[in-house]
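What follows is one structure encoded as structure tokens, with my remarks underneath.
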Amino acid sequence: MNEYSFIIQLCSKSSRGIKITKKAKNNKYHLILEAAVKVFARQGFYQSTVAQIAKEAGVADGTIYLYFKNKDDILVHFFHYKTKQVFERFQAEVDKAESGLIKLRNLIRRHLAEFQKDRDMAILYQVGTHQIDRLAEEQIREMSKMYQDLVAEIVEVGQQEGSIRKDLYVGLVKRFILGAVDEVINTWLHSERDYDLVSMADPLVELFIRGIGTIGMTNDD
């Protein structure tokens, strides 16, 4: 497993026609989703079975089909529901701050913290978003757009207050930030040593703001 990246809005009806009904409010729905995250992350999606998920959730195999069509459907619901929860926390952290730089710092710190506290979710999200044949393609695209839009809002606030340059290509900035955070998480997941992922938040923000060049450097240097 060497992939990753994450987030999505929970709708009563998605672009793929998935409806979140009263069943989604049932405790077993959440229980099955949580169990599936663990099984998919530890066994691999294609190696996992509905029976394994049912066993992890402590329900009968047939109960799974009361809430999901099949294993693929569970994965799609993961991107609709589970990651939506995390994105709401991102938004809440960003809204706590007034300045653009603090908003950015809050976002990166919360992003890393959410992945660190739920390693199984982190693995499943990263693998799911990096696969060539993505079962939840539309959900992943929408999820990524939401994150990048949030970054764009932060950049705009920073530009208005004068803490972020106005001559930036915002589209590149969004991809730069998302890609850097993604790689930091990916490295953490595959590291042989145990370290605090959240400790990378401040160095990341410093890199985003200060870059790697020196003050006074010109194109002729």
Say a paramagnetic label sat at a point 7 Å from the Cα of Arg193, along Cα to Cβ; which residues of segment 105-130 have their backbone N under 20 Å from it?
116
Evaluate the relative contact order of segment 22-210 (contact order divided by residue number), counting alpha-carbon pairs under 8 angstrom at least 6 apart; express in whole percent.
21
Additional length obtainable on full extension of the chain from Ser163 to Ala92, 0.36 nm per residue less Cα span
23.4 nm
Across segment 77-87, in residue order, what do the Karplus-derived ³J(HN,Hα) couplings come to in whole Hz, using 6.51 cos²θ - 1.76 cosθ + 1.60 with θ = phi - 60° and x for Gly and Pro?
5, 4, 6, 7, 9, 4, 6, 4, 4, 5, 4
Taking 0.36 nm per residue of separation and subtracting the Cα-Cα distance, what length does fully extending Arg210 through Asp120 add?
29.1 nm
Based on other C-beta atoms within 10 Å, arrange Leu178, Leu107, Leu207 from fewest to most.
Leu207, Leu178, Leu107
Any idea which of Asn106, Gly171, Gly44 is furthest toward the positive side of the dipole for segment 22-210, if Lys and Arg beta-carbons carry +1 and Asp and Glu beta-carbons -1?
Gly44
From the cross-link list Lys96/Lys117; Lys96/Lys166; Lys28/Lys103, the entries with a Cα-Cα span beyond 32 Å are Lys28/Lys103
So Ala152 and Ala113, fully extended at 0.36 nm per residue minus their Cα-Cα distance, gain in nm 11.9 nm
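Every read-out reported here was derived from the displayed coordinates using simple, explicitly stated rules and does not represent laboratory data. Source: prediction; values computed, not measured. Cβ coordinates were reconstructed from backbone atoms using ideal geometry, including for glycine residues, and neighbour counts include every protein chain displayed.
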